[in-house]
1. For Val38, what is the net charge nearby, where nearby means another residue's Cβ is under 14 Å from its Cβ and Lys, Arg count +1, Asp, Glu -1?
2. Hey, rough spin-label estimate for Met142 and Val60, points 7 angstrom out along Cα→Cβ, what's it come to in nanometres?
3. Where Rh denotes the Kirkwood radius from the mean inverse Cα pair distance, what is Rg over Rh for the range 66-123?
4. To one decimal place, what orientation-averaged projected area in nm² is obtained for the convex hull of the Cα set of the chain?
5. Could you work out [θ]222 nm for the chain from helices alone, using -39500 (n - 2.57) per DSSP H run of at least four and dividing by all its residues? Round to the nearest 500 deg cm²/dmol.
6. In whole angstrom, how far apart do the alpha carbon centroids of the range 105-143 and the range 18-76 sit?
7. Need one number: nm distance between label points at Val71 and Phe101, each 7 Å from Cα along Cα→Cβ, rounded to one decimal.
8. Can you compute the charge dipole magnitude of the chain about its Cα centre, using +1 on each Lys and Arg Cβ and -1 on each Asp and Glu Cβ, nothing else charged? Give it in debye, rounded to the nearest 20.
Amino acid sequence: MANFDDVVNIARTYLRDFPRFFQTSFGASGRTYQVGHVNIDKDSLYVATYLSGSASASAVSNYSIDERNGVVRFSSTPPAGSNILIEGYYYEWVTPTDLEFYTKRAVEKHLHAINTPLEALSDAVINAIGISAIVESLWALMT
């Protein structure tokens, strides 16, 4: 019995766009930091401030992430003399949020045409919907 996450996983697997780990650090010098990668998985992000040998993980409410462009912006400037560590996963082609959007579009198109719940579809149809999600996402990248 397939569900929405199965379709997303099929699309990600066919696309061969698997998560890649990154880790970067900066001397605190402002509020905004370019992490060096685009298409960040915001749910995997770990942000910490190191000051005098002591690490302090930053709460998600203390920074924002531009996941498509790989930019972290703190709500206030980190303390002078501290270091910032940012680590997580990124994708070569499509953020998880964007792939879920394109998968939702593909699912809606197919379910509207066949009037059957996703959970009742055969594996072959689920694979076709996953491939349709890839087409949607690659089309968006090309335009």
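1. Local net charge: -3.
2. 3.5
3. Rounded to two decimals, Rg/Rh equals 1.27.
4. 10.1
5. One gets -12000 deg cm²/dmol as the mean residue ellipticity at 222 nm.
6. 34
7. About 1.7 nm separates the two model spin labels.
8. Approximately 440 debye in magnitude.
Every read-out reported here was derived from the displayed coordinates using simple, explicitly stated rules and does not represent laboratory data. Quantities reported herein were computed from a predicted structural model and do not represent experimental measurements. In this analysis, Cβ positions are derived from the backbone assuming ideal geometry, glycine residues included, and neighbour counts consider all displayed protein chains.
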